[in-house]
Each structure stands twice: as structure tokens, then as C-alpha cells.
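> Okay, handing you the structure first.
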Amino acid sequence: MRKNKIFALMAAAISFAACTTNDVADITNSADNNVVYVASATRAADGGTVAMTLPFHLVNTTLPATYDEDFEADFTYDNGSYTTKNGKFVAWNNSKYNNGKRIDNRFEAFTPLKTSDNNASYNTFTLPTDQSTAEKLEAADWMTATTTSKVDDNNGAIDLTFIHKFAKLHFTVTAKDDAANLTSQNFKIFSSITPYYNSTDNTIEAIIDLRQTIIYDTPLITIVTSDNETLTVAAPSGISFAEGKQYNFNLTMGHYAATITSVSVTDWTSQDINMESSDANNSSETDYVTFYCNNPQGFKFRVYKGNGEGVLGFEYSVNNEENWISIPNTGMTEYVTFGGSYGNLRLRGEETQGTARGESYATVEFSQSTDGHEVTCTGDIRTLVDYRIYKTVRTDHASFKYLFKDCSMLSSAPSLPAIELKEGCYEEMFYGCNSLKQAPVLPATTLAKDCYKGMFVGCKSLTQAPTLPATTLAESCYENMFKDCHNLSKVTIMATKNISGNLNNWLSGAGDEAATRTLTVANQDAYNTIKDNLPREWKIGADNTTVKDKAGNEYTPQP
């Protein structure tokens, strides 16, 4: 009876599409052709994509609103498939216009599901201010997806890719004695949000609505210590927030003070952030590579010419001054002061080959290497290729090898969103950066020879490697990549092809000082292929080491 009702409603909808009576037969010919199935749904997580396991609501917006009872439904995930609840389902409108063309169907999905508190829909969401548990934080993560086409015309299946609509703040906390034994209730974000404080991991997380919750003249974070001392921290100067981004702060608190020692910006979503339209480059705020320091620090752009002519087309500006100063192709001979009361330092370029041109290459150098002089770096590395059109600029000719080599004070990295890589493009880029605490996301799935060779050698403060999503490796692409990253505790590698010879020493000396280690691989066969390139500490059965596949299945030693 219910199918008959659906067909009747669909027949009634023909007038909405200005169709002929022949179209009635088209949309009532087969029930299977009218039911919408979700073939796959993914969402961003930890720098990669995973199956969408949260319930979501799906609507066919091309069907009349009077039929919303029958043409929208909640979907849940169970054992690899998506099903609807309470006998509801979503339908296709398979009717045609008078010109014979099938009507375009548009589907909109959103999660979390609507409640009286969040008023959720595809277009609206009220952000919960109580995010004090992992579950409440998840309930604040508004994501949406849309599609207009079938991936399988035979069964009416669609694919959905969910994107984050808000921004996420992540604080790694160092708490001194008088700031110990705190709970989520001791913190506020932008004076209104109670974040999730994980006392085991010493992290604070909150999701912010860019339309409502950010009040720039209020503290970024407020802490009330156990003896009722109130500590406040303002957002670092020059930072702006954007949807789909995660902002990573290192927060030190206690002894009646709280400070942010570094900040980095990464992609919360794993989608390629290259824009398809040059209109995106018309933004009034260009995401220049920018350096911050709490105290005065010296900056030098040093050029090693070799047998080349140097590097061309780079400029810098201090404290957001519009007066950009050109850097000679032979580099800078004296340090420029930035940080503290001097403000930030921005760097930009117009060089298709990046900072390594022929046999010449440039490195960033800082003058101070003592406590209090850590340097935070943000921005998009593509602004060094062509800052005018950086979101659409080609990157397959650009290299940044050695750019931050031996920058011991560098605590965070710029974003590296390129998916087209040049041979050796990031080789030894962060070699010896022993203060680097978080690696940039590496989204490329097609690699180039030596592209990540030695990239993070000696980064002893690095605890989590970026997800390595490529399934097929290139020559020496991961060689020495995380060598001597002694505190590395998490590595995810999805390689399944062309592995032999391209992982030489990639984890040599890595994680040997970490309390625990987790290695995530594509599957058991992939592990068997790479195990000979793994140090003992990273193998199945090693003490305090977990090896699992991308679905979360843990591997144990074979008897």
C-alpha cells in the first residue's frame, strides 16, 4: 500500500515538472528505480576520509515540499551499508521535461540530526555551547553534503561527501602545578563555549561557528584555576578563522599565567583545497606565509647559488605593512627583526619553481635560538609560487627543498596543499626542526621521485605523522622521511603498490622514545610488504605498539 501511495504522489508531482502523461509511466515503471540508495558516504577525519558512521538526514529538494513526509529520511550506518529508519525512504523524480530531458534531482544531506536545541537543517544550525564531552563535541560538528547525480543508474545509488561547516580549535596543554586537576567546566572559549577537556591527553577541543560565536574583543580562551584564579589568553595577532580548518595551539598555563607558545593551521577536511575557480583568489585576505614570535626574533632569507643564478621574485613585509621589500636574488645578508612589538613577518613570491631554482635554493634562518623565541608559521606555501593566483597556481614545477632546514625554533609549519608534486619538492624541508610539533597535511595521492625524502629528519618534538594517503609509491619518495623523530607515536600509511626500495630508513630511530606507538596500514598484505622496512618498535607484537588496518582491526602476532 505504501508503494502505491508513493507512486500516486509522484504522479501528482508531474504537473510540477510540466510533463506529459507518458512521463507518468516513466516514474511508476519500477519501484527500485524510484528509491534512493546511498552507495557511499564519507567524512573528513584525522587528515583522511573515513566512512560516515553518524546518522544523517537526506532530502530530495526537487520534489514538492508538500511531499516531504515521503521524500526525506534519516539514514544510519550499519556494517558497511546505509539504511533508513521507521520505514521512511527517499525517492527519485524520474520524470522528464517536455523536451525529453530528465529532471535534475538535487539531494541535500546534513548531520547531526535535528533537535529542538540545534534546529539543524542543510542551511541552518544552532551551535551547542556545551561541548564538554566527546559526545557533545561530536554533536556540534555540523556537516553537509550535496549531489545531483547517480553513481549507479540501475539501482538509483548516490555518493555523499560531507564537509565541515565550522572550524575546530585544538589546544595541547602544558599545565603547571596550580593549573592541575581541572575539568571542562574550568574553561571557556570566546566567553561562551564550554570545550571538551581531555585530562588524559591534556587537550582542549571546541567547535566554533564563524557566523555567531567569534567575538574578537573577547578572550580566545579563559581558564579558572582550582584556586579561582582567572587566566585569559587573546587570539594571536593576524589569525583569522575559516570553515573546514583546524587551529592547533600549544597552551602553557599555571603560576598565574597562560600563554600560547605556537599555533598552526591544518585542514580539518582532507579534500583538496585547490579552488576550481579563479574567483577564489579575489579574497581581500591572501594567506601569505607568515611568521610569529612572542619576542623579537631575526629573519633571514639565505640563498645558496651553487652554479645557478639564485632565486628570484621574493618579498617580505613586517607588521602587515603594505610596503613590501624585495629580496635580492642572492638572498639577505642581514637579519630583519620581527616578533613581539615588531609584529609578524610575511613572505610572498612570484617564482614558478618555488624556493629551489635550478642548482640554487633558499633557506629561512632565525637569529635567536633560546627559550621564548619559538617561531610559529602559518599560511599557504603556494603564495611563494604566485601569491596573486596561489589557489589555482600549478605546483608541479615548484620545489621547497631545504627551505626550513635546521630551523630549530620553528614550532609549526605552513600548509602544503599541493596535489601535483615536483621531483624532490619537499626534500629535507624540515630537516633538524626539533621544535616542530605538528606536521602539515600531505594530501597528494600521486607522488614524485624523492618528494618527501628526509622531510622530517630529526624532528624530535613531532608526535604524529601526517597521513600518507598514496597507494602507489614513487622512487625513494619516503626515504628517511621520519628518521630520528624520536617521539613519533602515530603513523598512517596507505601504500599497497611499488613499495620495495622506497621506504629505506623511513622510520629509523623514530618513536624509540615514545610511550606508545600506533601504525595504521591499508590491510594485512600491505603490512606484510612493508614489515621488512619497519624498525622492531613498529612491528606487530612489539611492546606498547598497536598495528591496525584502516577499518580499525588490530593485528596480533601469528602463533
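Every number in this text was worked out from the coordinates using simple rules, so none of it is lab data. Note that the coordinates shown come from a computational prediction; the quantities given were computed from them, not determined experimentally. Backbone-built Cβ (ideal geometry, glycine too); neighbour counts: all protein chains shown.
> Quick one: which of 493-499, 452-458 comes out on top by average Cβ neighbours within 10 Å, and what's the full order, highest first?
Numbers: 493-499: 18.1, 452-458: 26.3.
Sorting 493-499, 452-458 by mean packing, highest first, produces 452-458, 493-499.
> While we're looking at this one, here's another question. Assigning unit charges at the beta carbon (Lys, Arg +1; Asp, Glu -1) and nothing else, what dipole magnitude in debye, to the nearest 20, does segment 420-559 show about its Cα centre?
Result for segment 420-559 is approximately 240 debye, rounded to the nearest 20.
> Here's a follow-up. Taking a threshold of 19 Å on the Cα-Cα distance, which of the pairs Lys497/Lys531; Lys401/Lys550; Lys497/Lys550; Lys300/Lys391 fall above it?
Details: Lys497/Lys531 14 Å; Lys401/Lys550 31 Å; Lys497/Lys550 16 Å; Lys300/Lys391 26 Å.
From the list (Lys497/Lys531; Lys401/Lys550; Lys497/Lys550; Lys300/Lys391), the Cα-Cα distance tops 19 Å for Lys401/Lys550; Lys300/Lys391.
> Taking H placed 1.01 Å from N in the peptide plane, check which residues at least 5 places from Leu220 or on another chain put their amide H under 5 Å from its amide H.
The answer is Val233, Ala234, Ala235.
> Something else about it: Just name one of Thr330, Gln297, Ser341: the one whose Cα is farthest towards the positive end of the charge dipole of segment 291-352 (beta-carbon charges, Lys/Arg +1, Asp/Glu -1).
Gln297
> Could you go through segment 388-396 in sequence order and give the Karplus-derived ³J(HN,Hα) for each residue, using 6.51 cos²θ - 1.76 cosθ + 1.60 with θ = phi - 60°, rounded to whole Hz, and x for Gly and Pro?
Calculated HN-Hα couplings, in order: 6, 10, 4, 6, 10, 5, 5, 10, 6 Hz.
> From the square roots a ≥ b ≥ c of the eigenvalues of the alpha-carbon gyration tensor of segment 400-559, which class results: rounded (a/c under 1.5), prolate (a/b over b/c), or oblate?
Details: a/c = 1.91, a/b = 1.30, b/c = 1.48.
Oblate, because a/c is 1.5 or more while a/b does not exceed b/c.
> With θ taken as phi - 60° and the coefficients 6.51, -1.76 and 1.60, list the Karplus ³J(HN,Hα) couplings across segment 420-425 in order, rounded to whole Hz; mark glycine and proline as x.
10, 10, 9, 3, x, 4
> Between Val151 and residues 5 or more places away or on another chain, which pairs have amide H atoms under 5 Å apart, with H built 1.01 Å from N, and which residues are they?
The answer is Ala157, Ile158, Asp159.
> Near Lys176, which lysines are there with a Cα under 20 Å away, not counting those fewer than 8 places off in the same chain?
Lys188, Lys437
> Taking only C-alpha pairs under 8 Å that are 6+ residues apart, what is the relative contact order of segment 415-550 in percent?
Values: 386 pairs, mean separation 25.4, N = 136.
Relative CO of segment 415-550 lands at 19 percent.
> Still on this model: Give the distance, in whole Å, between the Cα centre of segment 300-378 and the Cα centre of segment 431-485.
23
> Please list the non-local residues whose amide H lies under 5 Å from the amide H of Asn319, H modeled 1.01 Å from N, same-chain partners needing a gap of 5 or more.
Hits under the 5 Å cutoff: Asn344, Leu345, Arg346.
> Along segment 375-385, what does the Karplus equation 6.51 cos²θ - 1.76 cosθ + 1.60 (θ = phi - 60°) give for ³J(HN,Hα), rounded to whole Hz, x for Gly and Pro?
Values per residue, Gly and Pro as x: 10, 9, 10, 10, x, 9, 4, 5, 5, 8, 8 Hz.
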